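Just below is one structure, and these are the notes that go with it.
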Amino acid sequence: MSESKSAKSGGTAGSRAGGTEGAATSARIGVLKTYKLFVGGKFPRSESGRVYEVTDSKGNWLANPPLASRKDARDAVVAARKAVGGWSGATAYNRGQILYRIAEMLEGRREQFIGEVAAGEGLSRAKAAGRVDAAVDRWVWYAGWADKIAQVAGGANPVAGPFFNLSSPEPTGVVAVLAPRRCSFLGLVSVLAPVIVTGNTAVLVPSEERPLPALSLSEVLATSDLPGGVVNVLSGRASELGTPLAAHQDVNAIDLAGAGPELARDLEIAAADNLKRVVRPAPDREPDWRGDPGTARMLPFLETKTVWHPVGS
Amino acid sequence: MAFDVFEYAPAPESRAIVQLAPSYGLFIDGEFRESSDGKVFKTVAPASEEVLAEVAQGSAKDVDAAVRAARAAFPKWSALPGAERAKYLFRIARVLQERSRELAVLESLDNGKPIRETRDADLPQVAANFFYFAGWADKLPHAGYGPDPRPLGVAGQVIPWNFPLLMLAWKIAPALATGNTVVLKPAETTPLSALFFADICRQAELPPGVVNIVTGDGPVGAELVAHEGVDKVAFTGSTAVGKSIARTVAGTAKKLTLELGGKGANIVFDDAPIDQAVEGIVSGIYFNGGQVCCAGSRLLVQESVAEEVLDALKRRISTLRVGDPLDKNTDIGAINSAAQLARITELADAGEAEGAERWSPHCELPSSGYWFAPTVFTHVTQAHRIAREEIFGPVLSVLTFRTPDEAVAKANNTPYGLSAGVWTEKGSRILRMAQQLRAGVVWSNTFNKFDPTSPFGGYQESGYGREGGRHGLEAYLDV
């Protein structure tokens, strides 16, 4: 607590996320932001009233984001489920445009995210800028996938009979995502974008220690024409939130990217209860999110539907 | 009965084409051997309860030996040029075709399903699956899984009793084509065709250890999926067992695909061609005696034509012939086991107890064996167990609807999601329904059609992963 007090009493709030003025010498006191959850397109506090302390990589206080509860997780699932029909029913072109819009909005707030990523991950400004730029580019990359994945993952099947037969991928529904713990923004975007681009909705649990970029991303999503509920963001403990999400009967899939091996195993066991589609965490260490993502994070959240019809006159 | 006038003469298929040995061992590392502890079990013909043969009951030690044999065979098998691996699969496909009548009779004997089905559906599909995946073996870089997709290693495969040899083909053909080796456990009540398949592997000169067959009961399957030397688990069977397998492999690196239960809705609109729809309803629920995971076990019929459809349906069901599976006239054979018969009976009784109206045609059932008359329940509500639970027998639950939206809501009101049927002459409605139905396979103006090129598998609690087609390769590749 003493460290956090020093950060506050120093009056250098501007050094926190987004502050680039270097305002230490200025007389003006910065306006701090209260970070909130993002559920159903709104920005509530946790119903539990709890918050927790988030510091930068050196231990200086950054913010008191909500410590989301099991109830918040359930509310988020309800919001995500409500959004499935509209979002999966939107045209792929429309979804692609909205993802591209997210990139546009992000680009405009680049400085803020660089500040948050640098503070949270202890990166130099240049390195943090590299991560943020890569994250913006990743939204653009996935935006382009919206109206292509069906052609890559589906197709006509030449059955031995007089039948029209077509396989098409469809979104699985509501996906719980435990975002990577270390790479708090590029990693987060790398697991979130592939889930929603195909029409799924998401309940996202960002890095427990570094949730601020995710919570700020909510503000971007809210102004990008993304329908409310498509992405819901819950800051808090992965262990506390993962359990109700993995066991939730109205969640169709779970990405365990941010779970350690033991938690991942426990959640995979809980997920078996309604046979959620499970993406396991990388076996050894968190992957380098800068590489070409391929289709590996889109396909697990797609169902292949095959339609038959007789051919005749 | 007016039909008595036209009573069919029996037309039995000769069973002389099948030479059954008194006992069969496990097929491990290219050889048949006894179980390590010498235990055996009997497999019976469900149509007569006649004991067909004694079969080795695999032990944990046997499972271990089989996995080791598969592990040992893996480096060479996976390193074979795809074109050479393909030739083994082509050979197997050819021998399957050559021996298809023998295998059809064997399957009818051990499973109880009509020879008409094993001869015209199961066996042609079995060979077709090997032909199809044989062709993939040397074309994997073009399958959309990267320039050099690698096999996973040893595949542990557990299959059900409803399509014993066809499920074996769905499992083994893609596994071998992609360069994996296999330990397969057939169902306890239908082990014979898998053991005959072992002999086909011998005739095709498949290298020892590439395919291993371990017969036995559920615990043997559990042993196999939990074995540390297994890299891939593929299971077809009940949702309950599928969930327990998913828990077993949690936290491991094993890749898992599951093809589980269903409660398929077959939806008939008022503009459907009624006669064709009735044929589709019948094949949807009485094909293989309804012992089909993708059976159209819930008929949703539009209220305005419900009476007409039901009258026609009952008329048609009254002409179905239930009896000797080896009789070429038989439409519905025996239920596979006493246990399955008990389950069907229990659920049908629950249907009656919960207030649904039960109907079966007049039909005489044989005095020995396991039999259940084709049954239709009307006045079924969505809350009834017979509308929610998989019965896996010749029992149809009929519900009605008024609007397409109501049909969709009712059809999707299930934790399963394997199959659905839509009957209407209106094209735009078919496509809309197909879009809205949460099911892995949608048959429109047809039902229960299968093809090696056509991906098959479920949404939700019907499992995950697809079998068949290009999609079916993914389950056996490290991608």
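Where a number appears in this text, it was derived from the coordinates with a stated rule and is not lab data. Predicted model only: the values in this text are computed from it and were never measured. As a convention, Cβ positions derive from the backbone with ideal geometry for all residues, glycine included, and neighbour counts pool all protein chains shown.
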Checked chain B against the a/c 1.5 cut and the a/b vs b/c comparison, axes a ≥ b ≥ c from its Cα gyration tensor; verdict prolate
Rounded Å value of the spacing that divides the Cα centres of segment B:407-479 and segment A:178-246: 30 Å
Treating cross-link reach as a plain straight distance, find the lysines whose alpha-carbon is under 28 Å from the alpha-carbon of A:K58, omitting any fewer than eight places away in the same chain. A:K5, A:K8, A:K33, A:K36, A:K127
Between helix B:239-249 and chain B, what is the angle of the helix's C-alpha long axis to the longest principal axis, kept within 0 to 90° and rounded to the nearest 10? 30 degrees
For the modelled label position 7 Å from the Cα of A:Q249 along Cα-to-Cβ, which residues of segment B:403-421 have backbone nitrogen atoms closer than 19 Å? B:409-418
Going Cα to Cα from B:K328, which aspartates and glutamates come in below 13 Å? Please leave out same-chain ones fewer than 8 positions away. B:E13, B:E117, B:D120
Measure up B:K171/B:K243; B:K243/B:K426; B:K39/B:K254; B:K76/B:K243 against 28 Å on the Cα-Cα distance and list the ones that go over. B:K243/B:K426; B:K39/B:K254; B:K76/B:K243
Roughly speaking, what is the centre-to-centre gap between segment A:60-81 and segment B:130-156 when only Cα atoms are used, to the nearest Å? 43 Å
Rg/Rh (Cα only; Kirkwood hydrodynamic radius) as it applies to segment B:1-153: 1.08
Pull up the cross-link candidates among the aspartates and glutamates for A:K71, meaning alpha carbon to alpha carbon under 13 Å and not fewer than 8 places away within one chain. A:E47, A:E240
State which entries of A:K276/B:K410; B:K61/B:K255; B:K185/B:K255; B:K263/B:K410 exceed 20 angstrom in Cα-Cα distance in the structure shown. A:K276/B:K410; B:K61/B:K255
Honestly segment B:352-479 on the Cα gyration tensor test (a ≥ b ≥ c root eigenvalues; a/c under 1.5 rounded, otherwise a/b vs b/c for prolate or oblate) is just oblate
Each label sits 7 Å from Cα toward the beta-carbon; between B:K87 and B:R15 the label points are separated, in nm, by 4.0 nm
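Please report the orientation-averaged projected area of the protein assembly as shown, defined via the convex hull of its C-alpha atoms, in nm².
The directionally averaged projection comes out at 35.1 nm².
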Expressed as a rounded percentage, what relative contact order does chain B have, with Cα pairs under 8 Å and six or more residues apart? 18 percent
Hey, can you grab everything whose amide H is under 5 Å from the amide H of B:Y24? Only 5+ residues off in sequence or another chain; H modelled, so Pro and N-termini drop out. B:E54, B:V55, B:A56
For segment B:226-237, just list the computed ³J(HN,Hα) in residue order, Karplus coefficients 6.51, -1.76 and 1.60, θ = phi - 60°, integers in Hz, with x standing in for Gly and Pro. 8, 5, 5, x, 9, 9, 9, 10, 10, 9, 10, x
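How high is the relative contact order of segment B:193-309, in percent, with contacts defined as C-alpha pairs under 8 Å that are six or more residues apart?
Worked out over segment B:193-309, it gives 20 percent.
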What is the order of B:C294, B:C201, B:C363, fewest Cβ neighbours within 10 Å to most? B:C363, B:C201, B:C294
Environment charge of B:A47, counting only residues whose C-beta is closer than 11 Å and scoring Lys/Arg +1, Asp/Glu -1: -4
If R₀ is 30 angstrom, what is the calculated FRET efficiency for the pair B:L80 and A:V152, using the beta carbon separation as r and rounding to 0.05? 0.55
Phi angles of segment B:34-39, converted by Karplus (6.51 cos²θ - 1.76 cosθ + 1.60, θ = phi - 60°) into ³J(HN,Hα) in whole Hz with x for Gly and Pro, give 6, 5, 4, 9, x, 6
With 5 Å bins from 0: P(r) over segment A:70-310, alpha-carbon pairs, percent: 1, 7, 14, 19, 20, 16, 12, 6, 3, 2, 1, 0, 0
With axes computed from alpha carbons, what is the tilt in degrees of helix B:338-353 against the longest principal axis of chain B, rounded to the nearest 10 within 0 to 90? 30 degrees
Simple label model, 7 Å out from Cα along Cβ direction - B:E406 to B:K61, nm: 6.4 nm
Distant-in-sequence amide H partners of A:V177 (H built 1.01 Å from N, under 5 Å): A:V203, A:L204, A:V205, A:D255
What angle do you read, to the nearest 10 degrees and between 0 and 90, between the alpha-carbon axis of helix B:100-111 and the longest principal axis of chain B? 70 degrees
Computed E for B:T345/B:E98 - FRET, C-beta separation, R0 45 angstrom, nearest 0.05: 0.65
Rounded to the nearest 0.05, what FRET efficiency do B:E34 and B:Q382 give with R0 = 45 Å and r taken as the Cβ-Cβ distance? Could you check? 0.30
What are the extents of the Cα atoms of segment B:265-444 along their three principal axes, in Å, largest first? 49, 31, 28
For every other residue with a beta carbon closer than 9 angstrom to the beta carbon of A:G40, add +1 if it is Lys or Arg and -1 if Asp or Glu, then tell me the sum. +1
Could you grab the relative contact order for segment B:284-393? Cα pairs under 8 Å, six or more apart, rounded to a whole percent. 28 percent
